[in-house]
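The values are calculated or read from the model by the stated rules, or taken from the named source; none is laboratory data. A quick note: this is a predicted structure, and the numbers were derived from the prediction, not measured. Heads up, the Cβs are rebuilt from the backbone with ideal geometry, glycines too, and the neighbour counts pull from every protein chain shown.
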Amino acid sequence: SFCLICLSVSFGMVFVLTYWLHFNMWVVSSYLRTVPQHIEHSLKIRPRRYNMRVEPSLIIRTLQANNGQIRRTARQLGISPGTVLNWRRRARTGSRGGRYLATDPKRRSTRPKTRRATSLSAEAQDELVRLRKARGHGARKLTVLAGLSVHHNTVHRFLKAKGLTATGKTYRRPRYQKTTHMYVENALTPGKLQMDVKYVTPQLSGLVHTVYLYAIMDIFSRFKFGVMLPLLDQELAIRSAGEMVPLLPFRSDFIQTDNGLEFQARFNSFVTEDLGLKHHYIHKSSPNENAVIERSFRTDEEEFFFRLPKRPKDLNELNLAYQQFLFYYNTERPHLGIDLKTPQAKLESVQ
């Protein structure tokens with residue numbers, strides 16, 4: 001009988017253990033079947049689209065209706081919970097720790113509390129406006145001409161506020177072009193000249209026919225002479241060079257021109273034999289090699305031809321006005337290429 005009792009107890013324990021194992025395996029398998037769903041739900045990216053311009057009064061009223069529940073209010077209005085917290089803090093009123101909420105909080109203005117005033121005096125402002133309209137210079141030159149001690153950026157901001165600035169332009173030139181001509185970097189002393197002719201059309205001069213500006217310029221100092229003549233030929237190029245080169249306030253030994261018909265064999269013989277200069281032709285179709293005098297022609301357009309007060313009667317009157325401009329160009333006008341000096345001051349610095 002004892003053996004039967006032991007055998008029945010053993011069978012009972014085996015039955016209990018088997019049932020327990022089956023139950024645990026069912027629980028584990030059920031959990032494993034639900035894990036991917038939980039993972040997918042937790043990793044699912046749900047974009048939040050917040051409404052950034054909800055009225056503060058609506059936020060506070062909704063928060064009060066929800067009994068102060070931050071996240072519920074944020075979900076209803078489509079805004080961030082931080083926004084609700086911020087407006088709840090700003091809407092607190094009362095003397096007992098801010099227990100009460102104002103229902104009409106206002107947004108604070110983003111306008112600057114103080115406006116930056118210019119450091120330019122009224123007289124300096126009037127002078128800058130006058131010089132800008134009369135000459136058309138940029139901020140750096142105007143700062144020098146007006147005798148101001150402020151930074152040129154201050155002048156630029158003032159001109160921009162007055163609507164007197166122009167958009168900049170970019171002029172690109174060949175970067176790897178091999179050159180043997182005289183240019184700014186290798187012309188270290190006065191006497192290296194560039195000569196060219198500019199077509200002055202009736203639209204520029206106001207005359208009834210096109211005239212031609214024969215000009216000579218020193219590369220080092222930017223000192224310039226020029227005269228307008230009615231024709232374009234080699235004879236007038238020889239005569240203009242013969243008149244202008246001896247008048248230069250320094251001794252010249254080099255002249256550089258393009259390959260135009262006015263600078264051919266007779267002109268070459270004249271400047272090399274009669275004037276004793278070395279004559280160099282720039283590469284064909286490369287006006288950038290004569291960049292100094294070409295840029296001065298643009299200055300002639302912007303500061304002389306575009307600003308003629310009235311139509312000249314004849315070529316003589318136009319030439320007289322141009323000579324007055326050249327006097328200002330050589331003795332008063334600051335040049336950015338020579339550290340805001342005048343050509344005359346640049347020459348005096350080396351003599």
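Working only within segment 197-224, note down all residues that are in a loop (DSSP other than H, G, I, E, B) and out of contact with any Gly (no Cβ under 8 Å at 6 or more places or on another chain).
Matches in segment 197-224: Thr201, Gly206, Leu207, Val208, His209, Thr210, Ile219, Ser221, Phe223.
List every residue pair whose Cβ atoms lie under 9 Å apart, where the two residues are 6 or more positions apart in sequence or sit on different chains, the first residue falls within segment 264-275 and is in the same structural domain as Ser240 (by TED's automatic domain parsing) and assigned to a helix (DSSP H, G or I), and the second residue, located anywhere, is among the acidic types (Asp, Glu) and surrounded by fewer than 16 Cβ atoms within 10 Å (Cβ to Cβ).
Listed pairs, sorted by first residue: Arg266/Glu235.
Do you know which of the residues in segment 326-351 that are free of Cβ contacts under 8 Å to residues at least 24 places away in the same chain and assigned to a helix (DSSP H, G or I) is surrounded by the most Cβ atoms within 10 Å (Cβ to Cβ)?
Ala345
All but one of (1) modelled with pLDDT of 95 or more; (2) touching a helix residue (DSSP H, G or I) at 6+ places or on another chain (Cβ under 6 Å) hold for His279, so report the exception by its number.
Against the list (1) modelled with pLDDT of 95 or more; (2) touching a helix residue (DSSP H, G or I) at 6+ places or on another chain (Cβ under 6 Å), His279 comes up short only on (1).
Is it the case that Leu318 is in contact (Cβ under 8 Å) with a residue 60 or more places away in the chain, more than 34 Å from the chain's Cα centre (by Cα) and assigned to a helix (DSSP H, G or I)?
Yes, satisfied.
May I ask you to list the residues in segment 276-313 that are among the aromatic types (Phe, Trp, Tyr) and touching a Leu at 6+ places or on another chain (Cβ under 7 Å)?
Residue satisfying the conditions is Phe305 alone.
So is Arg251 without any contact (Cβ under 8 Å) to a residue 12 or more places away in the chain, surrounded by fewer than 22 Cβ atoms within 10 Å (Cβ to Cβ), assigned by TED's automatic domain parsing to the domain that holds Leu326 and closer than 25 Å to Glu273 by Cα or not?
So Arg251 fails the test.
Which of the following residues is at pLDDT below 80, under 30 Å from Ile59 (Cβ atoms) and hydroxyl-bearing (Ser, Thr, Tyr): Thr114, Thr118, Thr103?
Thr103
Kindly indicate which of Glu262, Glu235, Glu294, Glu273 is surrounded by fewer than 16 Cβ atoms within 10 Å (Cβ to Cβ), within 21 Å of Val200 (Cβ to Cβ) and of a type in the set (D, E, K, R).
Going through Glu262, Glu235, Glu294, Glu273 in turn, the sole match is Glu235.
Would you mind stating whether Ala291 is closer than 30 Å to Ala166 by Cα and modelled with pLDDT of 95 or more?
no
For His283, all conditions in the list (1) in contact (Cβ under 8 Å) with a residue 60 or more places away in the chain; (2) farther than 20 Å from Pro190 by Cβ; (3) exposed (fewer than 13 other Cβ atoms within 10 Å of the Cβ); (4) of a type outside the set (A, V, I, L, M, F, W, C) hold save one; what is the number of the exception?
For His283, the exception is condition (3).
Go through (1) of a type outside the set (Phe, Trp, Tyr); (2) in a loop (DSSP other than H, G, I, E, B); (3) touching a helix residue (DSSP H, G or I) at 6+ places or on another chain (Cβ under 8 Å); (4) within 22 Å of Asn186 (Cα to Cα) one by one and return the number of the condition Pro312 breaks.
With respect to (1) of a type outside the set (Phe, Trp, Tyr); (2) in a loop (DSSP other than H, G, I, E, B); (3) touching a helix residue (DSSP H, G or I) at 6+ places or on another chain (Cβ under 8 Å); (4) within 22 Å of Asn186 (Cα to Cα), Pro312 is out only on (4).
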